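Here's the structure, in C-alpha cells; my notes come after.
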Amino acid sequence: MGPHPAVAAIRLAVRRVLHDVLNHHQTSGARPHERISGARPGRHTSGGRPGQTAERLPSPLVSPLVLVACSGGADSMALASALAFEAPKLGVRAGGVTVDHGLQPGSDLRADEVVLRLRELGLDPVESVAVTVGRGGGPEAAARDARYAALDAVAERHGAAAILLGHTRDDQAETVLLGLARGSGIRSLSGMAAVSGAGGRYRRPFLQLDRQTARKACLVQSLSVWDDPHNIDPAYTRSRLRQEGLPALEKALGKGVVEALARTAQLSRDDADALDAWAGQAEASVRDAAGLLECAKLYALPPAVRRRVLRRAAIEAGAPAGSLFARHIEEVDRLITGWRGQGAINLPGKVVAQRQGGRLVIRQG
C-alpha cells in the first residue's frame, strides 16, 4: 500500500525539483561546499593541526546541499518532510533554516521548536536565524526583505545549491490579486516564479498544489504544525484577502477561482518574459553613440517595450527595483509621449529623469 495521495503529491513535487537541482549541479560543475582538509562538514574552521594551512581537497564533486525554509506552518512542514524523505534517495544533502522575525512574543521559542522538528526529520544542517524587521514599504514587505536577506546569507554560508519555499497555488492566487489591486503591470500579475533568486537559488515545488493538500499531508504523517496568527490578522492586506476576498470571489463566481488565477500567473509570466527579452534587444537600438536614450526612437517602440526600457534604465541609474512602481515609469514615459516642456521627474533612490535636447537623461540627482 502506497502513501496517502496528499503525501505522494508533495513528494513527487519535491522529487522533480531535486532532479532539476541535481542536473544543474552536475552540468555546471559547481562545487558549492567543498570540504576543508581536517574539518568536519558544516563546521567553520581555519584548518587541521595548529600551524598548518587548510587545503581544499581536489576530490570529485560532493553532493549538493538543499535547504528548506520552514516557519513551522503546514505548508513548510509538509515541504520539510518531503525533502527529508526524497533527498537521501537521490544522494542530496538536506538541511533546514527557520527565520525568527521577532514580531510576536515567544517567537524565539517557536523558532527553537521548529529547529527541533527539522532535526527529528533527519535534516542537517539546521539553524534558526533572528532578524530585525524594518519599516520600509510596510510591515509585510519589510518582513519579506529581512527574511530573504537572512536566507541568502545562510545559503552563502553553507554553500547551498537551493532553498525550497512552501508557497502553494493559493499563495499564488493571492499574489495575483494583490498585483491586480495595485494596478500593476503584467509582471506583477505573473505572481511568484517556480525558480527565482541569484542563480535560481529559490525553488517553489508547491505552486501547483493547494494549501489543503499540504495540510492533509501533515495530518496523515502526524506532523505538528503552527498556525501563525498573522495569517488571520485583518491588519495585514494578504490576511484580509485570504479570509474575506477569495471566499467572496468563490461565492460569486463559483469554485475554480484559485486555479484560474494560478493559470493567469503562468500565462502572464510567459508574456512578461517575452516582452523583457524584446526590451533587452531594443535598448541598444535606442541609444546614441554616447549611450544616451534618444526620445524619438523610444517613441517609436510599442508602449510595453518602451516602459521596460525606461524601467531598466532607471534601475541601472540606482533606483531600487522594489520601490520603482508603475506610476513612476508612467511619469517618465510622459517625457517621451507627452512632452510639454515639463521639468525633471524624481524617482526612488535619488534618481532623476529629464529630457534634454531630444535625449532622455536618467541619473543620480
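The values are calculated or read from the model by the stated rules, or taken from the named source; none is laboratory data. Predicted, not measured: the structure shown is a model, and the values here were computed from it. Methodologically, a virtual Cβ is constructed for each residue, glycine included, from the backbone with ideal geometry; neighbour enumeration extends over all protein chains shown.
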Considering only the range 283-310, state which residues are surrounded by fewer than 14 Cβ atoms within 10 Å (Cβ to Cβ) and touching an Asp or Glu at 6+ places or on another chain (Cβ under 9 Å). 288, 303
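The rows are residues; the columns are (1) outside the structural domain of residue 9 (by TED's automatic domain parsing); (2) within 20 Å of residue 167 (Cβ to Cβ); (3) outside any loop (DSSP other than H, G, I, E, B).
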{"site": "79", "(1), (2), (3)": "no, yes, yes"}
{"site": "94", "(1), (2), (3)": "no, yes, yes"}
{"site": "108", "(1), (2), (3)": "no, no, yes"}
{"site": "112", "(1), (2), (3)": "no, no, yes"}
{"site": "118", "(1), (2), (3)": "no, yes, yes"}
{"site": "122", "(1), (2), (3)": "no, no, no"}
{"site": "128", "(1), (2), (3)": "no, no, yes"}
Restricting the first residue to the range 188-216 and requiring it to be assigned by TED's automatic domain parsing to the domain that holds residue 80, which pairs with a second residue that is in a loop (DSSP other than H, G, I, E, B) and among the aromatic types (Phe, Trp, Tyr) meet a Cβ separation below 9 Å and a spacing of at least six or different chains? 213/206; 214/206
Of residues in the range 149-181 being surrounded by fewer than 17 Cβ atoms within 10 Å (Cβ to Cβ) and either in contact with a strand residue (DSSP E or B) (Cβ under 8 Å, 6 or more places away or on another chain) or free of Cβ contacts under 8 Å to residues at least 40 places away in the same chain (or both), the one farthest from residue 23 (Cα to Cα): 181
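Conditions tested, residue by residue: (1) touching a helix residue (DSSP H, G or I) at 6+ places or on another chain (Cβ under 9 Å); (2) modelled with pLDDT of 95 or more.
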{"residue": "2", "(1), (2)": "yes, no"}
{"residue": "29", "(1), (2)": "no, no"}
{"residue": "52", "(1), (2)": "no, no"}
{"residue": "84", "(1), (2)": "yes, yes"}
{"residue": "92", "(1), (2)": "yes, yes"}
{"residue": "104", "(1), (2)": "yes, no"}
Residue 326 passes all but one of the listed conditions (1) surrounded by 14 or more Cβ atoms within 10 Å (Cβ to Cβ); (2) at pLDDT 95 or above; the exception is number (2)
Of the residues in the range 332-363, those that are small (Gly, Ala, Ser) and under 34 Å from the mean Cα position of the chain (by Cα) number 3
Note on the range 84-130: residues buried (at least 16 other Cβ atoms within 10 Å of the Cβ), of a type in the set (Asp, Glu) and touching a strand residue (DSSP E or B) at 6+ places or on another chain (Cβ under 6 Å) are 100, 127
Output the strands (runs of 3 or more DSSP E) that fall wholly within the range 276-365 and possess 1 or more residues being under 22 Å from residue 186 (Cβ atoms) and in contact (Cβ under 8 Å) with a residue 12 or more places away in the chain, or say none. 345-347
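So, residue 236, is that one hydroxyl-bearing (Ser, Thr, Tyr), modelled with pLDDT under 90 and surrounded by 16 or more Cβ atoms within 10 Å (Cβ to Cβ) or not? So that I can check it myself, show each step before the final result.
Values: hydroxyl-bearing (Ser, Thr, Tyr): yes; modelled with pLDDT under 90: yes; surrounded by 16 or more Cβ atoms within 10 Å (Cβ to Cβ): yes.
So residue 236 passes the test.
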How many residues, within the range 218-267, are of a type outside the set (A, V, I, L, M, F, W, C) and farther than 30 Å from residue 113 by Cβ? 12
Does residue 133 satisfy being touching a strand residue (DSSP E or B) at 6+ places or on another chain (Cβ under 6 Å) and in contact (Cβ under 8 Å) with a residue 12 or more places away in the chain? no
Inspect all residues belonging to the range 70-81 and state whether any of them is modelled with pLDDT of 60 or more, more than 20 Å from the chain's Cα centre (by Cα) and closer than 23 Å to residue 218 by Cβ. yes
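Would you check if residue 313 is among the small types (Gly, Ala, Ser), buried (at least 16 other Cβ atoms within 10 Å of the Cβ), at pLDDT 95 or above and touching a Gly at 6+ places or on another chain (Cβ under 9 Å)? Even if it seems obvious, please write down each step before you answer.
Working: among the small types (Gly, Ala, Ser): yes; buried (at least 16 other Cβ atoms within 10 Å of the Cβ): yes; at pLDDT 95 or above: yes; touching a Gly at 6+ places or on another chain (Cβ under 9 Å): no.
Considered against the rule, which asks whether it is among the small types (Gly, Ala, Ser), buried (at least 16 other Cβ atoms within 10 Å of the Cβ), at pLDDT 95 or above and touching a Gly at 6+ places or on another chain (Cβ under 9 Å), residue 313 comes out as no.
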